[in-house]
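Working notes for the structure below.
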Amino acid sequence: MVSDVEVRIDRLRPREVAERMAAGPVAWIPLGAVEYHAEHLPFGTDGFTATAVVERAARIAGGVVLPWSALTIGTLALPWSLRYDADLVERALRSTIEQAAAHGARVVVVHTGHGPLDLNHLIKRVCADTEARIGATPGNAGFRAYGLCYLELNAARGVQLGTDWPVAVDHGAVMETSWTLAVAPELVRLERLPEDPDGTMLAVYGPNPRTRASAETGEAQVQGAAELLAARVQELLAGGRIDPLADLRGFVARYWPEPLELGARAGMAGSAAITLRNVGPVSRYVTGCALRIDGVPVDPAGMVLSNPTVGETGVPFPVTTLGPEAGFYVRRLQEAELRIPVALGPGPVAVELTLGLGGVTETTLRATLRPA
């Protein structure tokens, strides 16, 4: 297709829609959020960047791009960040996929520019369930629904392994600022960031992007992600399949090399807290938790996670509810607490903490701690 052809369905008429679908029977569904992105980026950052990727992919693989949706979960607890019940998000997404299939899409792509992994796992489950149901109906064998987040495309491409920036995913920092400079430069206000290169700002999870972000870097990443996504969709149109969790496993393995640092705090009688500090550049998403103190298992029913950092909800999170779609974030340089129904003495204690990571793997941390 022509590189600048219009693919957004809200700007097309029936004849043009038919032409785009003839080039490739694909419906592209970008998801975003209305979310606080610090003082220099717009609230619609996630929607703009998600749309940019699928627009470019659609110009390669064919199909039409639906308007981006702000129905989402997992936004930061900051002013004007909107979030909705997961059930509402699921029902809206399922209905959109079903309607796209009814209108002739053979592949539906759900791509989110809003990156929390609870949302990503929800998208993948809805896509798998809907694909199976539609594919089992007469005339729809081979239908595919593919759900993913931009971070998976960056990870699959090996974008900035290690601690260099921009990494595969951030919030308001070098990556998102570079992407927005590439796709909507008129909406970026770099001058509102601190002049100090090491200066910090609320909702910037990464280094100050004022002098590090660039449209050139953003353009290279957006285009690379679009080309990879288009190639995958062409594979699906040819009858192939894609493991929906492969990129997430690679992301966790390659971009989360640093373990969380453990500490301990004595609490009230019969209680204590294990602290979890993220010293790495990328947020950690905890999806499971099992604890032993001096070799003795601690009852998970009595354990609660809490992250009091500004921007997080601060709501206590029962360990027994953890899962891929109900995880707990410890973002860059944040410290969270695992409150436990066990008293810790003044002497050293042996801690063995097994954490589910990203909903795709787990790790075991061991440390000898002295409660503060």
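Read-outs: derived from the displayed coordinates by stated rules, not from any lab. What you see is a predicted model, and the numbers here were worked out from it, not measured in a lab. Methodologically, a virtual Cβ is constructed for each residue, glycine included, from the backbone with ideal geometry; neighbour enumeration extends over all protein chains shown.
Helix 45-61 and the longest principal axis of the C-alpha atoms of the chain enclose an angle of approximately 40°. The angle separating the long axis of helix 174-183 from the principal Cα axis of greatest extent in the chain is about 20 degrees.
Axis of helix 14-23 versus longest Cα principal axis of the chain: the two differ by about 70°, to the nearest ten degrees. Between 88, 66, 190, the Gaussian network model of the chain with springs among Cα atoms under 10 angstrom shows the greatest mean-square fluctuation at 88. Entry note, the chain: the mean residue ellipticity at 222 nm calculated from DSSP H runs of n ≥ 4, each adding -39500 (n - 2.57), is -10000 deg cm²/dmol after division by the residues and rounding to the nearest 500. Each peptide in 297-308, 145-156 gets a packing score, the mean of other Cβ atoms within 10 Å over its residues, and the list from highest to lowest is 145-156, 297-308.
Under the classification rounded if a/c is under 1.5, otherwise prolate if a/b is larger than b/c and oblate if not, where does the chain fall, given a ≥ b ≥ c as square roots of the Cα gyration tensor eigenvalues? Spell out each step's value before the answer.
Working: a/c = 2.34, a/b = 1.60, b/c = 1.46.
Taking the square roots of the gyration eigenvalues as a ≥ b ≥ c, the chain is prolate.
Close amide H contacts of residue 72 (hydrogens built in the peptide plane, cut-off under 5 Å, sequence separation of 5 or more or a different chain): 84.
Could you tell me the relative contact order of the range 9-255? Use alpha-carbon pairs under 8 Å, at least six residues apart, and round to a whole percent.
Answer for the range 9-255 is 21 percent.
Give the peptides 317-323, 135-141, 26-32 in descending order of average Cβ contacts within 10 Å, highest first. Don't skip to the answer; put the middle values down first.
On the way: 317-323: 16.4, 135-141: 9.9, 26-32: 26.7.
Highest to lowest by the protection proxy: 26-32, 317-323, 135-141.
Under a 5 Å amide H cut-off, with hydrogens placed 1.01 Å from N, residue 289 pairs with 356 among residues at least 5 apart or on other chains. Highest mean first, the peptides 69-75, 282-288, 230-236 sorted by other C-beta atoms within 10 Å per residue fall in the order 282-288, 69-75, 230-236.
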